[in-house]
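Below is one structure, written out as structure tokens; the observations come after it.
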Amino acid sequence: MISRVNKACAYFPCHKSLEDCTFCYCPFYPCGNERLGKYIAAKDGRKVWSCERCSWIHKRDVVEGIFKMLRSGNNMYRNQKPETRNQKTGIIILGHGSKLKKANKTILKVVRKVKENGLDMVEPAYLQLAEPSLSKSIKKIVKKGCKRIVVVPFFLFMGNHVSRDIPKAIKEEASAHKEVEFIYAKNLGQDPRISDIVMDRIMEAM
């Protein structure tokens, strides 16, 4: 059943595949994601971001995800410089890395899944034993014009890699790319949803 749809709105339906009207005006405007919109010339000659054909913010699962983020207080804009909020954001999913190629494919699957949620500036990286390295992925994203990079450590435990090695590497990259803002996300083990996955595995085994 379609929920939170304002059929009384004079502009309804404003988008195709409309599922949710909670965010009538997208809080991420202008997102700069060329898969979702583009810059067009306005009547006064200015370039404005057009998301006329985008229905991403009106997808039920997207709205629910934003609600969860707001309720948990996990706001990636917290402590962020105001002048960089509308800049292109690059995402790096950083894994440990293994000599076994099959073991490294998990990160690639995660990257594909994240892209399916509407983010296209997403790159994989490995801390050691595999390529691309964190440094190479950062350079690749910077070349695409990103002024903000979120590094997500795909690590379960808060060990030396998460607490020491990765922050040190990010600090070195920040010195090499002074025009870029780096944001270090939490590792997986700090999320209570991990226990839900454990329960799923238990039920599968039984």
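Laboratory data are not the source of any read-out in this text; all were calculated from the coordinates shown. Values in this document were obtained by computation on a predicted structure and should not be read as measured data. Cβ placement follows ideal geometry from the backbone for every residue including glycine, while neighbour counts extend to all protein chains displayed.
Worth a mention:
- Listed residues Ala103, Ala130, Ala185, most fluctuating in the chain (Gaussian network, C-alpha, under 10 Å): Ala103
- Antiparallel %, DSSP beta bridges [both residues in the chain], to 5: 20
- For the chain, the longest principal axis of the alpha carbon atoms and the long axis of helix 101-116 meet at an angle near 20°.
- Label-point separation, Lys136 to Ser17 (7 Å along Cα→Cβ), nm: 3.3
- Cα gyration tensor shape of segment 1-75, rounded if a/c is under 1.5, else prolate or oblate by comparing a/b with b/c: oblate
- Rounded to the nearest 20 debye, dipole of segment 82-196 from Cβ charges on Lys, Arg, Asp, Glu: 360
- Against the chain, whose longest principal axis is taken from its Cα atoms, helix 166-176 shows a tilt of about 70°.
- For Ile183, residues with placed amide H under 5 Å, excluding near neighbours: Ile149, Val150, Val151
- Taking 7 Å steps out from each Cα toward its Cβ at Glu179 and Tyr29 produces label points 2.9 nm apart.
- The spacing between segment 94-154 and segment 48-63, judged by their C-alpha centroids, is 25 Å.
- The chain: angle of helix 60-72 to the longest principal axis, Cα-based, in degrees nearest 10: 60
- Distance in nm between pseudo-label sites at Asn6 and Glu64 (7 Å out along the Cβ direction from Cα): 2.3
- Difference of contour (0.36 nm per residue) and Cα-Cα distance, Lys186 to Met158: 9.2 nm
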